[in-house]
Amino acid sequence: MGEYMRIYLDNCCYNRPYDDQSQMRIHQEAEAKLYIQDMVSCGQLELVTSFMLDYENEKNRNVLNRNRIGQFMRENESYYVGNESYQIIEGGAMTIMKTGIKQKDAFHIASAIYAECAYFLTTDDRLLKYENDNILIVTPCEFIRRLEAD
């Protein structure tokens, strides 16, 4: 991994470690997300965050989780897609929504594309089916497999 790679984690990735860990898939995705989080903290990956992530995180009813996620994003973001980019992001999101992707998810993907991320990480099965020529959409586990293959 010569140059820094930009990644964007959606809200479900940030919350995965707080989900019920009794299912193997959830447990593996949580462990992978925490591994990726460590790579971000060590400066091996560039983390992109956005106004949409802030918006969704603020709706988290668990105050402790909301604060932990918000703190991690603030302390580790390399690039922030802010409200000043809203019109551009909205245009991209509208195109993405035409494929059946829901509005918030479309705004996340459009933000990641705008920030020139190489990867969009999600645990949402519906989003994993969406394909876009500008970004790879993968689970945290798949992302690690791809990194290790390089």
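The values are calculated or read from the model by the stated rules, or taken from the named source; none is laboratory data. If you're wondering where the values come from, they're calculated on a predicted model, not measured in any experiment. In this analysis, Cβ positions are derived from the backbone assuming ideal geometry, glycine residues included, and neighbour counts consider all displayed protein chains. The area values use the complete protein model at the heavy-atom level, side chains included, leaving out ligands, DNA and RNA. Shrake-Rupley method; radii C 1.70, N 1.55, O 1.52, S 1.80 Å.
A few comments on the model shown:
- Loop-located GluC sites (Glu not before Pro) in region 47-150, at most 15 other Cβ atoms within 10 Å (DSSP): 116, 131
- Among the trypsin sites (Lys or Arg not before Pro) found in region 75-116, those both in a DSSP coil and sparsely packed, with 11 or fewer other Cβ atoms within 10 Å of their Cβ, are 98.
- Relative contact order, percent, the chain [alpha-carbon distance under 8 Å, six or more residues apart]: 30
- Dipole axis of region 1-77 (+1 Lys, Arg; -1 Asp, Glu on Cβ), positive-most option in 42, 15, 62: 62
- Taking 28, 71, 37 as the candidate residues, the one with maximal mean-square fluctuation in a Gaussian network model of the chain, Cα springs under 10 Å, is 71.
- In a reduced charge model with +1 at each Lys and Arg Cβ and -1 at each Asp and Glu Cβ, the chain shows a dipole moment near 440 debye about its Cα centre.
- For residue 33, a cut-off of 22 angstrom between C-alpha atoms picks up these lysines, skipping any fewer than 8 places away in its own chain: 59, 104, 129.
- Beta bridge orientation in the chain: antiparallel %, DSSP, nearest 5: 5
- Averaging Cα coordinates gives a centre for region 28-47 and one for region 104-147; these two points are 15 Å apart.
- Accessible surface calculations at 1.4 Å, restricted to protein heavy atoms, place the chain at 56 Å² per residue.
- Distance between modelled label sites at residue 116 and residue 142, nm, 7 Å Cα→Cβ extension: 2.5
- Rounded percent of accessible protein surface that carbon and sulfur make up, the chain, 1.4 Å probe: 45
- Solvent-accessible surface ranking, highest first, for 94, 39 at 1.4 angstrom: 94, 39
- Label-point separation in nm, residue 77 to residue 44, each point 7 Å along Cα→Cβ: 2.4
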